[in-house]
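Shown next, in structure tokens, is the structure this report addresses.
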């Protein structure tokens, strides 16, 4: 059973629903470009604009978090290697570095799987005409 559309939301056409769902599927392969292009070409479609805004916001937040985690990890690795270098590599073992590298790639893969599932869920909601919870008010307010 779908949720009722609030009175502030205009009716959504099939074309708008299909474009929003396609944008969410394209977001899997082109995480930043698909929502940005959809937002740019949305024109008068408040529904597409709201979904594109939500997808763009979530992608930017995810990328910022990944950048921060990557920067912290790289800094830790450089400091650790520098300390081993200063101590003539005493006590150095490659296995902790390989383990951190493997864990990082596994976590990145899991995060991408989660991102794919979220995009598919958003595409399903868009296809059924559901407005996003966040972003719809900002996107609608811009017009």
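The values are calculated or read from the model by the stated rules, or taken from the named source; none is laboratory data. The model shown is predicted, which means the values in this text are computed figures rather than measured ones. So basically every Cβ, Gly included, is an ideal-geometry build from the backbone, and we count neighbours across all protein chains shown.
Check the range 103-122 and report whether any residue there is on the phi > 0 side of the Ramachandran plot and either surrounded by 13 or more Cβ atoms within 10 Å (Cβ to Cβ) or modelled with pLDDT of 90 or more (or both). Explain how you work it out, then say what you get.
Of the range 103-122, the ones on the phi > 0 side of the Ramachandran plot are none.
Checking the range 103-122: not a single residue is on the phi > 0 side of the Ramachandran plot and either surrounded by 13 or more Cβ atoms within 10 Å (Cβ to Cβ) or modelled with pLDDT of 90 or more (or both).
Is it true that some residue in the range 37-51 is surrounded by 17 or more Cβ atoms within 10 Å (Cβ to Cβ), assigned to a helix (DSSP H, G or I) and over 20 Å from the mean Cα position of the chain (by Cα)? Let's see the steps before the verdict.
Residues of the range 37-51 that are surrounded by 17 or more Cβ atoms within 10 Å (Cβ to Cβ), as a first pass: 38-39, 42, 45-51.
After this cut, where a residue has to be assigned to a helix (DSSP H, G or I) as well, the list is 38-39, 46-51.
In the following step, the residues that additionally are over 20 Å from the mean Cα position of the chain (by Cα) were identified as 46.
Yes - at least one qualifying residue is present in the range 37-51.
Quick one: would you say residue 77 is farther than 30 Å from residue 12 by Cα and in contact (Cβ under 8 Å) with a residue 12 or more places away in the chain? I'd like the intermediate steps shown before the answer.
Working: farther than 30 Å from residue 12 by Cα: yes; in contact (Cβ under 8 Å) with a residue 12 or more places away in the chain: yes.
Judged against the criteria, residue 77 is a match.
In this structure, is residue 74 at pLDDT 95 or above and more than 18 Å from the chain's Cα centre (by Cα)?
No; evaluated as a whole, the condition is false for this residue.
Using the structure shown, decide if residue 24 is under 24 Å from residue 12 (Cα atoms), out of contact with any helix residue (DSSP H, G or I) (no Cβ under 7 Å at 6 or more places or on another chain) and in contact (Cβ under 8 Å) with a residue 12 or more places away in the chain. Explain how you work it out, then say what you get.
On the way: under 24 Å from residue 12 (Cα atoms): yes; out of contact with any helix residue (DSSP H, G or I) (no Cβ under 7 Å at 6 or more places or on another chain): no; in contact (Cβ under 8 Å) with a residue 12 or more places away in the chain: yes.
In short, no.
Could you go through the range 59-70 and let me know if any residue there is part of a loop (DSSP other than H, G, I, E, B) and surrounded by fewer than 19 Cβ atoms within 10 Å (Cβ to Cβ).
Looking through the range 59-70, none of the residues is part of a loop (DSSP other than H, G, I, E, B) and surrounded by fewer than 19 Cβ atoms within 10 Å (Cβ to Cβ).
Limited to the range 80-102, what total is found for residues that are surrounded by 10 or more Cβ atoms within 10 Å (Cβ to Cβ) and assigned to a helix (DSSP H, G or I)?
13
For residue 9, indicate whether it is assigned to a helix (DSSP H, G or I), touching a helix residue (DSSP H, G or I) at 6+ places or on another chain (Cβ under 8 Å) and in contact (Cβ under 8 Å) with a residue 12 or more places away in the chain. Lay out the reasoning, then the answer.
Working: assigned to a helix (DSSP H, G or I): no; touching a helix residue (DSSP H, G or I) at 6+ places or on another chain (Cβ under 8 Å): yes; in contact (Cβ under 8 Å) with a residue 12 or more places away in the chain: yes.
Criteria not met by residue 9.
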